[in-house]
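Let me begin by presenting the structure, written as structure tokens, before commenting on it.
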């Protein structure tokens, strides 16, 4: 919590995992309509606010060198979604961004796990506390959607059914708490290109139960769903297929799939030791791949 004495606030930005992603249609303006069950894992980036005389933006962490000069820019012309979130909320509220903002970037860019969107959502959440804003202001939903279609779900930061272009967040049944393995082949996957190359074969909305009776039931339901963007993502980054094949061949894997528009894939396990064993094996065989373990179904609210 921020206090007048310390004026230092750290906010966790968890990764978002699309357990399934159906492309159900396309609007006249070119935006695709989605039906997706999203959850969050205790893996992610960190946002740090520190009181200062004027606004500045800094990036550190393993992926700090992945950003372009324009993405490191902290002027109002910045292309970085985190900086854009600051200036957008400042403009609406009239609050001055007199703080040093640091992004500790641990999640690879272009990985299909909501890294940038979750970072932006974490900044909005942090600033709401920093500036003591109302808890649910009417300007926040359109501001978030203007930043990016995943930002509203990331701001809610709970298992959610996301529809439309991301603006419709519906109640979702609670999911079991399960170990998760995230693997990315060391290459980003451009979201715009993946949607552009999508073949246009739309998928119906998923049929979800009111509740998952067990882990087995949860996995059985996921098996009836898909990620509609897999084919176009693999055409952009063929290594995604290698990651999925690897995960599917591992012992004790309950379920595996690509998340979002790629390039990260996830695998679910029943036991932590099974998840860790597979992670160790993949790291040994593929040292250039990004590999992380965590848990889904556990509250990770900032």
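FYI, it's all coordinate maths here, none of it is from the lab. Computed from a predicted model, the values in this text were never measured in an experiment. Don't worry about glycine lacking a Cβ; one is built from the backbone with ideal geometry, like all the others, and counts go over all protein chains shown.
Okay, here's what the table says:
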read-out: Cα long-axis angle, helix 239-249 against the chain (0 to 90 degrees, to the nearest 10); value: 50
read-out: Cα gyration tensor shape for segment 178-296, rounded if a/c is under 1.5, else prolate or oblate; value: oblate
read-out: Rg followed by Dmax, in Å, when the chain is reduced to its Cα trace; value: 19.0, 56
read-out: Burial ranking of peptide ranges 242-250, 82-90 (average Cβ count within 10 Å, highest at the top); value: 82-90, 242-250
read-out: Folded to 0 to 90 degrees: helix 115-130 orientation relative to the chain principal axis, Cα; value: 40
read-out: For the chain: relative contact order, % (alpha-carbon pairs under 8 angstrom, 6 or more apart); value: 24
read-out: P(r) weight above 28 Å for segment 8-170, C-alpha pairs, percent; value: 19
read-out: Helix-derived mean residue ellipticity, 222 nm - over the chain, DSSP H n ≥ 4, -39500 (n - 2.57), to 500; value: -9000 deg cm²/dmol
read-out: Highest average packing first - 35-46, 225-236, 276-287, 131-142, Cβ atoms within 10 Å; value: 35-46, 225-236, 276-287, 131-142
read-out: Extension gain from residue 281 to residue 26, taking 0.36 nm per residue of separation minus the Cα-Cα distance; value: 87.7 nm
read-out: Computed label-point distance, nm, for sites residue 249 and residue 73 using a 7 Å Cα→Cβ extension; value: 4.6
read-out: Relative contact order (percent, whole number), segment 114-204, Cα cutoff 8 Å, 6+ residue spacing; value: 21
read-out: Per-q log10 I(q)/I(0), segment 63-152, q = 0.13, 0.25, 0.26 Å⁻¹ (Debye; single scatterer per alpha-carbon; no solvent); value: -0.41, -1.48, -1.57
